[in-house]
1. Here are some residues: 122, 100. Which one is in contact with a Cys (Cβ under 9 Å, 6 or more places away or on another chain), outside the structural domain of residue 152 (by TED's automatic domain parsing) and away from the ligand (no atom under 11 Å from the Cβ)?
2. State all residues of region 258-304 that are more than 12 Å from residue 317 (Cβ to Cβ) and either outside the structural domain of residue 100 (by TED's automatic domain parsing) or charged (D, E, K, R) (or both); if no residue qualifies, say none.
3. Given 268, 250, which one is crowded, with 20+ Cβ neighbours inside 10 Å, out of contact with any helix residue (DSSP H, G or I) (no Cβ under 9 Å at 6 or more places or on another chain) and in contact (Cβ under 8 Å) with a residue 60 or more places away in the chain?
4. Scanning region 271-304 for residues that are among the small types (Gly, Ala, Ser) and open to solvent by 60 Å² or more (accessible area, probe 1.4 Å), which turns out nearest to the ligand (Cβ to nearest atom)?
5. Does any residue of region 16-27 turn out to be in contact with a strand residue (DSSP E or B) (Cβ under 9 Å, 6 or more places away or on another chain), assigned to a strand (DSSP E or B) and under 28 Å from residue 266 (Cα atoms)?
6. Quick check on region 22-44: of everything there that is over 15 Å from residue 108 (Cβ atoms) and of a type in the set (A, V, I, L, M), which residue is nearest to the ligand (Cβ to nearest atom)?
7. On the basis of being over 16 Å from residue 293 (Cβ atoms), touching a residue at least 60 places away in the same chain (Cβ under 8 Å) and more than 8 Å from the ligand (Cβ to nearest atom), does residue 85 make the cut?
8. Do you know which of the residues in region 154-175 that are modelled with pLDDT under 95 and not in a loop (DSSP other than H, G, I, E, B) is most open to solvent (accessible area, probe 1.4 Å)?
Amino acid sequence: MSMEEGLVECAPVLVVGAGPAGMSCALWLHNLGLRPWLIDQAGEAGGLMNANTLPNNWVLGQIAQTGPQMASQFARHLASLPIRVDMGVERFAVNRQGDALQVAVWTTQGVVHQPCAAVVLATGTRVRGRETLGGIPGIDSIEARRVCYGPAAFENLALAAQGRTVIIGGGDNAVENAHMLLMAGGEVVLLARSEFRAQAALMSQLIDQPRVRLLQQASVQQIEPTAAGMALSISSPQGLESIEAQRLHVLVGYEPNGNLEASFEAGVWSAMQHDAQGYLCVDSWGRCGAKGIYAAGDVCNPVFPNVVSAMSQGAQVAKVIERDLRLGKCLGE
Ligand SMILES: Cc1cc2nc3c(=O)[nH]c(=O)nc-3n(C[C@H](O)[C@H](O)[C@H](O)COP(=O)(O)OP(=O)(O)OC[C@H]3O[C@@H](n4cnc5c(N)ncnc54)[C@H](O)[C@@H]3O)c2cc1C
């Protein structure tokens with residue numbers, strides 16, 4: 001029997017999350033002679049790529065493709081191969097039985113119990129939203145259509161550009177949103193709770209622009225509805241001031257998806273490393289600390305999350321799993 005045949009005989013490798021990290025991992029596992037089993041709670045593959053409707057300029061070769069277009073191209077690639085994919089799964093559970101990982105997945109067809117050779121977490125992140133404004137007095141009295149979180153702040157830009165928008169956030173997305181509103185003819189006040197941390201190239205697009213104010217170490221103390229939108233009471237090193245705006249855009253980043261802890265037996269979870277925000281900590285090989293558990297993509301990359309890094313981490317983890325299984329390091333040494 002060849003080495004590849006030997007590996008295919010192994011139990012499947014469960015890949016949780018069909019974003020770019022998980023899809024890339026599944027493809028590489030298949031090509032390396034393993035049996036990927038890709039699951040996702042969403043109805044369609046692509047993860048956060050489905051929220052990016054702008055023409056791509058970051059993934060090499062995919063000129064002007066939108067996120068959903070690239071995602072469906074990736075999904076078509078997987079569909080052309082004999083890879084098991086279950087979308088719309090309700091939940092999954094991982095237990096260790098002796099040296100083996102026993103997995104249960106609540107699929108649309110019923111619960112599947114299956115020993116797995118390894119588990120890859122590619123569960124990504126979600127937009128930090130309304131909870132970040134919870135403590136601001138008056139926020140509940142503002143019309144919902146005037147407050148946008150994350151990707152929604154990039155919709156209807158022509159409408160938003162008819163007035164002044166206060167943007168909360170100091171990273172790339174907030175600065176890019178400010179720039180797009182300015183280009184569309186709008187007026188922007190950009191508030192960073194600490195320093196602006198967006199890429200220098202993006203920041204430079206705002207410097208010396210008319211119709212933009214940049215406030216660092218700033219925070220919204222109170223919001224009141226007005227006939228034209230809202231009045232925000234804003235404190236910064238320049239003092240307390242009231243700023244009228246038609247809209248509020250909140251672009252304060254992402255946090256890991258869901259409650260992963262609930263999917264793992266306590267003994268397995270306690271061996272896994274994670275930081276205070278819940279991001280999984282992995283070694284340079286993508287191992288999570290618990291034997292047989294790996295991670296790839298944004299769920300373990302709070303510093304520089306993007307499609308290309310997610311795909312490359314997915315590929316790398318597949319390669320590491322193949323190597324670990326071959327050397328007997330993964331399970332059942
Ligand atoms: C508006 C926007 C614009 C962006 N623009 C760009 C860009 O121009 N260039 C770029 O490179 N990147 C961009 N990004 C970032 C990029 O989309 C992400 O970095 C990338 O999608 C991360 O891939 P991932 O596979 O790690 O996670 P995700 O894409 O988040 O996928 C994770 C998947 O896991 C699933 N999942 C989560 N928890 C569970 C669970 N418990 N059980 C089952 N399934 C689960 C989710 O449903 C999801 O499908 C953008 C993101 C957004 C939101």
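1. Values: 122 fails: away from the ligand (no atom under 11 Å from the Cβ).
Residue meeting the stated conditions: 100.
2. Within region 258-304, 261, 265, 275, 291, 298 meet the criteria.
3. Working: 250 fails: out of contact with any helix residue (DSSP H, G or I) (no Cβ under 9 Å at 6 or more places or on another chain).
The conditions single out 268.
4. Restricting attention to region 271-304, the residues satisfying the condition of being among the small types (Gly, Ala, Ser) are 271, 276, 278, 284, 286, 289-290, 292, 295-297.
Add one more test, that the residue is open to solvent by 60 Å² or more (accessible area, probe 1.4 Å), and what stays is 276, 284.
On the way: 276: 19, 284: 17 Å.
Here the answer is 284.
5. yes
6. We begin by selecting, within region 22-44, every residue over 15 Å from residue 108 (Cβ atoms); these are 22-36.
From what is left, the residues that are of a type in the set (A, V, I, L, M) are 23, 26-27, 29, 32, 34.
Numbers: 23: 7, 26: 11, 27: 13, 29: 15, 32: 19, 34: 19 Å.
Restricting to residues being over 15 Å from residue 108 (Cβ atoms) and of a type in the set (A, V, I, L, M), the top hit is 23.
7. Working: over 16 Å from residue 293 (Cβ atoms): yes; touching a residue at least 60 places away in the same chain (Cβ under 8 Å): yes; more than 8 Å from the ligand (Cβ to nearest atom): yes.
Yes; evaluated as a whole, the condition is true for this residue.
8. Among residues in region 154-175 that are modelled with pLDDT under 95 and not in a loop (DSSP other than H, G, I, E, B), the one most open to solvent (accessible area, probe 1.4 Å) is 159.
The values are calculated or read from the model by the stated rules, or taken from the named source; none is laboratory data. All of these numbers come straight from a predicted model, not from anything done at the bench. Backbone-built Cβ (ideal geometry, glycine too); neighbour counts: all protein chains shown. Quick note on the areas: whole protein, heavy atoms, side chains included, nothing else; ligands and nucleic acids left out. Shrake-Rupley method; radii C 1.70, N 1.55, O 1.52, S 1.80 Å.
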